[in-house]
Structure formats: structure tokens, C-alpha cells
Amino acid sequence: MQENLLTIGLPSGSLMEPTIALFAKAGYAISGANRSYRPAVDDPELRIRLLRAQEISRYVEHGYLDCGITGRDWVEENQSDILEVSRLPYSKVSSDPTRWVLVVPEDSPFQTVQDLEGKRIATEVVGMTRRFLERAGVNAEVEFSWGATEVKAPELVDAIVDVTETGSSLRANKLRILATIMESFPGLYSGKAAWENPWKRQKIETLSLLLLGALAARDMVGLKMNLPEKSLKNLLEALPALRNPTVSPLAQPEWVAIETVIEEKVVREIVPKLKMLGAEGIIEYPLNKVVY
């Protein structure tokens, strides 16, 4: 049996593809995820299990997984006693958090959470919803929803708690938000036993470092160019976006090479300015990781 082996749970479903893409940018090639819950990875010290995000925190807590990526919402729903190693701001659509929201039909008479006293609410996050209502001083019946939650109001229930990123599905079903219960990003979570193991802890920390580096590089590009040395001061004053560039002398006298990391959306605005300031050989290139 291999001693130095870290077992990690990754979310299946809608988060699977963006998670595998994130791991690829971090340097881990995962294959076979569409065919098996035990996909292969090109790191012999890593063992991957694909599971529903709802389940991962429980398996990490009980030690069946050393660590896992799941949403903070499911850690809260399961009340799992595990450690958040890093927050990973990505989702299936964007880099914005997902939101669990309490919603009612657009034409509902309910305007506040307190209006739901004694009413019925359907949701997948029963525990989280009950705790939210308790904090608000509201007694309501909360029932588990097995799916298609957004179509259950008002015929079957008075309100629902559902998850949204953009709100488009809620609008399509003519639903109105009364309150946000929680905002959630995925995170890398470790079990306590794994964290106390020196080798596993170092492996988890390395994984966290690379994943965060991949996320940091998501909207960034590298930019390099050659410039007459006499124009360097003017360029840096005119373009504060080029903060802390690397400047190196060239073999050609009185010329320097400049290299920096910059937001991709800024490049289209500054390239013409760079040319006006005398820059030549401007190259933009993609980044996999930016580690601060």
C-alpha cells in the first residue's frame, strides 16, 4: 500500500468541468472524469474521487477523504467540523459567489421574512434554512425538496429557498427574492486527521498554493516589449498599470526589455499608447499561474 497518498474529493455535476479546468491550469491533468467516479490524475501521490458537492464535507469530516473541494454552503448545511484551507472564487458560470435566496412568486403578498410565519417552505438546504428562520424569529414548516424547487411555489408551498448565480432562472419562473440566506464560494477543505499528518498537510498546502495561483492568473496575461531606455521614465509615468515591471538591458545599446503581468482587459487600451511611447516587439502571452 502506498504510504504517501492524498485522497481528495472533487465535485461532480455542474462544478465538475470548471474544477477539472482549474486543476489543469494548476498543473494536474485529470482524465476519465466523464466515465468514472475514480478519474485518473498524472500525480501518483494524488487519488481523486468525484462525488456530489453535498456529500464531500461529510466524507472529509469522517476521514474517508483527506480533503475536498466543496461549497461553504454544504459545509454549513452539514455542520461539518473541518478546516477551510483556502477559498477558491470560481463557479460554473463566473467568478461570482452562488447565493442561497429565499424567494416567493412575483405576485405573492409576502414582503418580508416575518410574513412567512406559519407558512411552508421547500428547499434542498433544510438545516441552513431552519437556522436562518430561527435567527429571524420566524416559525415556518421547512420541507426537503428533491429537485425542480423553483416550480413548487405557489401551488405546493408558499416560498422556496434556492441557489442562484445570475438570477435568470428565478426571473424566468417569475420569482422575487425576499432575502439572501448565504453567499458561497467553493473552498479547499481538509479533515483534521489529514491536517495533523505532516506529509498530507504539506501536500494539501502545495495543492492550495497552485490552485490559488491558477485562479490569480485567470484574468491576467504576461506582456513584454523592447523600449528605448530614454523612454522608460515616460512610459512608467504614463501607464501606472505597468506596476513593478522587470526591466533588463538588451544587447542593443540604450535599449531595455520590459516584462510585466497585467489584467487582460487593460491590454487593448494600452498597446496603442505603448507604440506611441516607442515600444517595439510587444508580445502578449497567457498565464497558467500567478503566485504572490
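Against the definition (in a loop (DSSP other than H, G, I, E, B), assigned by TED's automatic domain parsing to the domain that holds Ala193 and surrounded by fewer than 21 Cβ atoms within 10 Å (Cβ to Cβ)), how does Pro18 come out, yes or no?
Details: in a loop (DSSP other than H, G, I, E, B): no; assigned by TED's automatic domain parsing to the domain that holds Ala193: yes; surrounded by fewer than 21 Cβ atoms within 10 Å (Cβ to Cβ): yes.
When the stated conditions are applied, Pro18 does not pass them.
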Can you name the number of the only condition in (1) surrounded by fewer than 18 Cβ atoms within 10 Å (Cβ to Cβ); (2) touching a residue at least 60 places away in the same chain (Cβ under 8 Å) that Glu117 fails? (2)
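Can you find a residue that is of a type outside the set (Val, Ile, Thr), touching an Asp or Glu at 6+ places or on another chain (Cβ under 8 Å) and either surrounded by fewer than 16 Cβ atoms within 10 Å (Cβ to Cβ) or farther than 27 Å from Arg171 by Cβ (or both) anywhere in the stretch 50-57? Spell out the reasoning first.
Of the stretch 50-57, the ones of a type outside the set (Val, Ile, Thr) are 50-55, 57.
Going one step further and asking which of them are touching an Asp or Glu at 6+ places or on another chain (Cβ under 8 Å), we end up with 54.
Now restrict to residues that are either surrounded by fewer than 16 Cβ atoms within 10 Å (Cβ to Cβ) or farther than 27 Å from Arg171 by Cβ (or both): none.
No, the stretch 50-57 contains no residue that is of a type outside the set (Val, Ile, Thr), touching an Asp or Glu at 6+ places or on another chain (Cβ under 8 Å) and either surrounded by fewer than 16 Cβ atoms within 10 Å (Cβ to Cβ) or farther than 27 Å from Arg171 by Cβ (or both).
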Looking across the stretch 177-217 at residues that are among the charged types (D, E, K, R) and either without any contact (Cβ under 8 Å) to a residue 12 or more places away in the chain or surrounded by 16 or more Cβ atoms within 10 Å (Cβ to Cβ) (or both), the single one that is farthest from Ala53 (Cα to Cα) is Glu196
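Does Glu61 satisfy the condition of being exposed (fewer than 14 other Cβ atoms within 10 Å of the Cβ) and either in contact (Cβ under 8 Å) with a residue 12 or more places away in the chain or in contact with a Pro (Cβ under 7 Å, 6 or more places away or on another chain) (or both)? Give the steps one after another, and end with the answer.
Numbers: exposed (fewer than 14 other Cβ atoms within 10 Å of the Cβ): no; either in contact (Cβ under 8 Å) with a residue 12 or more places away in the chain or in contact with a Pro (Cβ under 7 Å, 6 or more places away or on another chain) (or both): yes.
So Glu61 fails the test.
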Report those strands (runs of 3 or more DSSP E) wholly inside the stretch 200-292 carrying at least 2 residues which are more than 30 Å from Glu84 (Cα to Cα), under 27 Å from the mean Cα position of the chain (by Cα) and of a type outside the set (D, E, K, R). 220-228
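Looking only at residues in the stretch 188-199 that are of a type in the set (Gly, Ala, Ser), over 19 Å from the mean Cα position of the chain (by Cα) and not in a loop (DSSP other than H, G, I, E, B), which one is farthest from Val266 (Cα to Cα)? If you could, list the steps in order and put the result at the bottom.
Initial filter on the stretch 188-199 (of a type in the set (Gly, Ala, Ser)): 190-191, 193-194.
Among the residues that remain, those that are also over 19 Å from the mean Cα position of the chain (by Cα) are: 191, 193-194.
Next, only the ones that are not in a loop (DSSP other than H, G, I, E, B) stay: 193-194.
Numbers: Ala193: 45, Ala194: 42 Å.
That would be Ala193.
Based on what the data block shows, is Ile82 closer than 24 Å to Leu207 by Cβ and touching a helix residue (DSSP H, G or I) at 6+ places or on another chain (Cβ under 7 Å)?
Working: closer than 24 Å to Leu207 by Cβ: yes; touching a helix residue (DSSP H, G or I) at 6+ places or on another chain (Cβ under 7 Å): yes.
Considered against the rule, which asks whether it is closer than 24 Å to Leu207 by Cβ and touching a helix residue (DSSP H, G or I) at 6+ places or on another chain (Cβ under 7 Å), Ile82 comes out as yes.
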Considering each residue of the stretch 34-53, count those that are over 21 Å from the mean Cα position of the chain (by Cα) and either among the small types (Gly, Ala, Ser) or outside the structural domain of Pro11 (by TED's automatic domain parsing) (or both), and give that number. 2
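The values are calculated or read from the model by the stated rules, or taken from the named source; none is laboratory data. These numbers come from a predicted model, not from an experiment. Note: ideal-geometry Cβ built from the backbone for every residue, glycine included; neighbour counts use all protein chains shown.
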